[in-house]
Amino acid sequence: MITDRAMQRAGLERHFTASAFVLNPHHEVLLLRHRKLGVWLYPGGHVERHETPDEAALREVREETGIHARLLGERDIALEDEEADVSALHRPYRVLCEYIADPKTPHYHLDLIYLCATPERRCPPGREAVEVGFFPRERLEQLPMFANFRRMLERLYDDDVVWQAVQQGVR
């Protein structure tokens, strides 16, 4: 069913973004406080014209938090073809279409959300984000965040397969 809101927003631009849940072997998730929105989110940002979404996710993690992470998830390397210059990218954990209510240029973000692993528990200095850290599940209730983001985090914490992949991904 197409709503009035959907009809009004149908012509808005869509920008590809890449975000990442960065997990460590201590069952902690890397989050940062968004400066403008005042809520806690994962690192992420726009995919630049010269990069793949995989590269964008890792770049955003590095720039915003100082963490060097490793992408997790499925990548069908059997489809790669060096001669034809075809490479397989990682499958995102989730994909969301998010309305961005920018007063000057409202638009949508097509957010490709990846899973990453790191052995780190602390973020180094020299990063973009001022408030950033690794959080265990018990501390999430204290953090302001969007309701859908909280639901996504709860599912993530409940996913034993993900945490096993994190253990393997940091070896």
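The values are calculated or read from the model by the stated rules, or taken from the named source; none is laboratory data. Keep in mind that what you see is a predicted model, and the values were worked out from it rather than measured. Counting neighbours? That spans all protein chains shown, and the Cβs are built from the backbone with ideal geometry, glycine included. When the accessible area is computed, the model is the full protein with side chains, heavy atoms only, and any ligands, DNA or RNA have been set aside. Shrake-Rupley method; radii C 1.70, N 1.55, O 1.52, S 1.80 Å.
Taking amide hydrogens as modeled 1.01 Å from N in the peptide plane, which residues meet the under 5 Å criterion relative to T17, leaving out close sequence neighbours?
Amide H neighbours of T17: V47, L110, D111, L112.
Of the peptides 95-105, 59-69, how do they stack up when ordered by the mean number of other Cβ atoms within 10 Å, highest first?
59-69, 95-105
Would you please give the residues with an amide H less than 5 Å from that of F135, counting only those at least 5 places away or on a separate chain, with H modeled from the backbone geometry?
Distant-sequence amide H within range of F135: V29, L30, L31.
Quick one: divide the alpha-carbon radius of gyration of region 13-88 by 2.2 N^0.38 Å and tell me what you get.
Details: Rg = 14.7 Å, N = 76, 2.2 N^0.38 = 11.4 Å.
Its radius of gyration relative to the 2.2 N^0.38 Å reference: 1.28.
So, with a 1.4 angstrom probe, what is the percent of accessible area on region 1-127 that is carbon and sulfur?
Values: 4080 of 8010 Å².
Reported share for carbon and sulfur atoms: 51 percent.
Please report the antiparallel percentage of DSSP beta bridges with both residues in region 1-131, rounded to the nearest 5. Let's see the in-between values first.
On the way: 18 of 28 bridges.
Expressed as a percentage, antiparallel bridges in region 1-131 total about 65.
Gain in length, E48 to R137, computed as 0.36 nm per residue apart minus the alpha-carbon separation, to one decimal in nm? List each step's numbers first, then the result.
Working: separation 89, 0.36 × 89 = 32.04 nm, distance 3.24 nm.
28.8 nm is the gain from fully extending E48 to R137.
Could you work out how much longer the chain between H15 and R171 gets when fully extended? Use 0.36 nm per residue separation minus the Cα distance between them, nm to one decimal.
Taking 0.36 nm per residue and subtracting the Cα distance, the gain is 52.7 nm.
With contacts defined as alpha carbon pairs under 8 Å and 6 or more residues apart, what's the relative contact order of the chain in percent? Write down the numbers at each step before the final one.
Details: 308 pairs, mean separation 51.9, N = 171.
About 30 percent, as a whole number.
Separation between the R94 and E82 pseudo-spin-labels, each 7 Å from Cα along Cα→Cβ, expressed in nm?
That separation, rounded to one decimal, is 3.8 nm.
Report Rg/Rh for the chain, rounded to two decimals, where Rg is the Cα radius of gyration and Rh the Kirkwood radius.
Ratio of gyration radius to Kirkwood radius for the chain: 0.98.
Normalized C-alpha radius of gyration of region 79-171, against 2.2 N^0.38 Å?
Working it through for region 79-171, the quotient is 1.39.
Place a +1 charge on the Cβ of each Lys and Arg in the chain and a -1 charge on the Cβ of each Asp and Glu, then give the dipole magnitude about the Cα centre in debye, rounded to the nearest 20.
Approximately 840 debye in magnitude.
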